[in-house]
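In what follows, a single structure is set out as C-alpha cells and then discussed.
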Amino acid sequence: MRIDAHQHFWVYDQSEYVWINDSMASLRRDFLPNDLKIELERKGFQGSVAVQARQTLEETRWLLELAAEASFILGVVGWVDLRSSNLRSQLEAFAVNPKLVGIRHIVQSEANDRFLLQPEFLQGISLLEEFDLAYDLLIYPKHLPVATEFVRRFPRQRFVLDHLAKPPIKSGSLRPWERGMRELGTFPNVFCKLSGLVTEADWQNWKPEHIAPYMDVAFETFGPRRLMIGSDWPVCTLAASYTRTIDLVESYLSQHATEVQEAALGRNAQQFWKLEMRQKQLPGDSQHTFGNGKNEREGDAAHASRRRCARNEK
Ligand SMILES: [Zn+2]
C-alpha cells in the first residue's frame, strides 16, 4: 500500500492562515479531499495522513470529519493543547476515533527555542502513549539538540520528524543540521518523513542533486525502516507540482532495493501509525466511505474499548 504520510487541507481564511504570506499567494484558496484525491491516484497512492495546520480543537474535529467521509484519509495528525490541565479530557474526546493517529504542535513558530522541554509540555506528551498516539516534531535545525533531549525522556513514545527538520537546502550547507540529525536518529522510536524538501530549496531553480545530499543523511541516520514519503501538499505546490514532488523522492529511492522502496513509500507509515489495525476497528469495508452512521459508532465503541483495555493492561 502506498501512503502519502503528510498532507494538509484547508478552507482558506486570511485570519486563520496568517503564515500564508504574499509570496505564497497561490495557497490562498481552498484545498480539500477531492483536490488531493486526483493527485494521489495519479501517483498510485491508496491513502494519506492529514496533518493539522491550525492550532485549534476545531481543526482536529474538522479533519476527523473529512476522514470519516473520505476513506483514503487513513489517519489524522491533529492538535490538542498539550500544555492544558484539561488535556486528558481533550484526548478522551478525540481518541475514541480510530482515525486520530497522532498529535502535532507547531513548535517551529514558538519564540522559546526550548519550548519542547517546558514542564507542562512534557507532562502533556507523557499522556500520548496511553492513548496510542504518535507525536509529530515540526522544528527547525536549531531545535534538533533540544529535540534530542526531549525524545530521550520518552523511550516508548512514537515520534516522527517532519520535513527532516527543514534543512538549509537553498544555501547548500549541511552542518550543523547534519550533526543534529545524526544525534536524533540514534533513538529507535523516532521516524522521519521524506517530505517538505522542495520548499526548503530554491522554489524556482531546484534540481534533484541539490536535495539528494540531505536525503542521504536521512537514509544514513534513520535507515530504510524509519523513513516515510510525504508530499506536504498543498504547500509543496509553491515549488513543484504534486507529481514532481513525489517523483523527486521516488527516483531517489530507486537506487535502493524494491523492498526498501516499498517500505518508504507506504509500509513504514502504515506500521508507524498502525493504520491497518485501525482500519480493522471500523466494521464494514473501510475501502469505501463510512456512509453508515451505525457502523461508525460501532467502530468508535470497539476502538474505545480496545484503548481502555490497553490502558488496563499497563
Ligand atoms: Zn506540512
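The values are calculated or read from the model by the stated rules, or taken from the named source; none is laboratory data. All values reported here derive from a predicted model rather than from experimental measurement. A quick note on method: Cβ atoms are made from the backbone with ideal geometry, for glycine too, and the neighbour counts reach across all protein chains shown.
At-a-glance table
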{"quantity": "Positions within region 34-61 being within 16 Å of the ligand (Cβ to nearest atom), assigned to a helix (DSSP H, G or I) and over 15 Å from I246 (Cβ atoms), in sequence order", "calculated": "D35, E59, T60"}
{"quantity": "From the options L74, L64, residue that is away from the ligand (no atom under 16 Å from the Cβ) and part of a strand (DSSP E or B)", "calculated": "L74"}
{"quantity": "Filter result (part of a loop (DSSP other than H, G, I, E, B), without any contact (Cβ under 8 Å) to a residue 24 or more places away in the chain and within 26 Å of L66 (Cβ to Cβ)) within region 86-141", "calculated": "N86"}
{"quantity": "Answer residue from region 19-31, given it is in a loop (DSSP other than H, G, I, E, B), free of Cβ contacts under 8 Å to residues at least 60 places away in the same chain and out of contact with any Phe, Trp or Tyr (no Cβ under 6 Å at 6 or more places or on another chain) and is nearest to F72 (Cα to Cα) among those", "calculated": "I20"}
{"quantity": "Flag if E183 is touching a Ser or Thr at 6+ places or on another chain (Cβ under 8 Å) and acidic (D, E)", "calculated": "yes"}
{"quantity": "Any chance V190 is within 16 Å of the ligand (Cβ to nearest atom) and among the aliphatic types (A, V, I, L, M)", "calculated": "no"}
{"quantity": "Filter pass, E209 being buried (at least 19 other Cβ atoms within 10 Å of the Cβ) and among the acidic types (D, E)", "calculated": "no"}
{"quantity": "Residues satisfying the stated conditions in region 1-17, i.e. part of a loop (DSSP other than H, G, I, E, B) and within 16 Å of the ligand (Cβ to nearest atom)", "calculated": "H8, F9, Y12, E16, Y17"}
{"quantity": "Given (1) surrounded by 12 or more Cβ atoms within 10 Å (Cβ to Cβ); (2) in contact (Cβ under 8 Å) with a residue 40 or more places away in the chain, index of the condition R61 fails", "calculated": "(2)"}
{"quantity": "Qualifying residue in region 80-97 (condition: at pLDDT below 95 and in contact with a His (Cβ under 9 Å, 6 or more places away or on another chain))", "calculated": "yes"}
{"quantity": "Any hit, region 294-305, residues being among the basic types (K, R), closer than 16 Å to I73 by Cβ and either within 16 Å of the ligand (Cβ to nearest atom) or at pLDDT below 95 (or both)", "calculated": "no"}
{"quantity": "Residue in region 223-252 that is farthest from the ligand (Cβ to nearest atom), counting only those that are part of a loop (DSSP other than H, G, I, E, B) and buried (at least 19 other Cβ atoms within 10 Å of the Cβ)", "calculated": "R226"}
{"quantity": "Selection from region 193-222 of residues that are more than 16 Å from the ligand (Cβ to nearest atom), assigned to a helix (DSSP H, G or I) and among the charged types (D, E, K, R)", "calculated": "E209, D216, E220"}
{"quantity": "Cross-chain or 6+ apart pairs with Cβ under 7 Å, region 156-185 first and at pLDDT 95 or above, then among the hydroxyl-bearing types (S, T, Y) and assigned to a strand (DSSP E or B)", "calculated": "Q157/Y135; F159/Y135"}
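Quick grid of which residues meet (1) in contact with a Pro (Cβ under 7 Å, 6 or more places away or on another chain); (2) closer than 30 Å to R88 by Cα; (3) of a type outside the set (A, V, I, L, M, F, W, C):
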| residue | (1), (2), (3) |
| --- | --- |
| P155 | no, yes, yes |
| V160 | no, yes, no |
| I169 | no, no, no |
| L184 | no, yes, no |
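Conditions (1) under 24 Å from F131 (Cβ atoms); (2) not small (G, A, S), marked per residue:
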residue: H8; (1), (2): yes, yes
residue: L27; (1), (2): no, yes
residue: L32; (1), (2): no, yes
residue: E41; (1), (2): no, yes
residue: G47; (1), (2): yes, no
residue: Q52; (1), (2): yes, yes
residue: W62; (1), (2): yes, yes
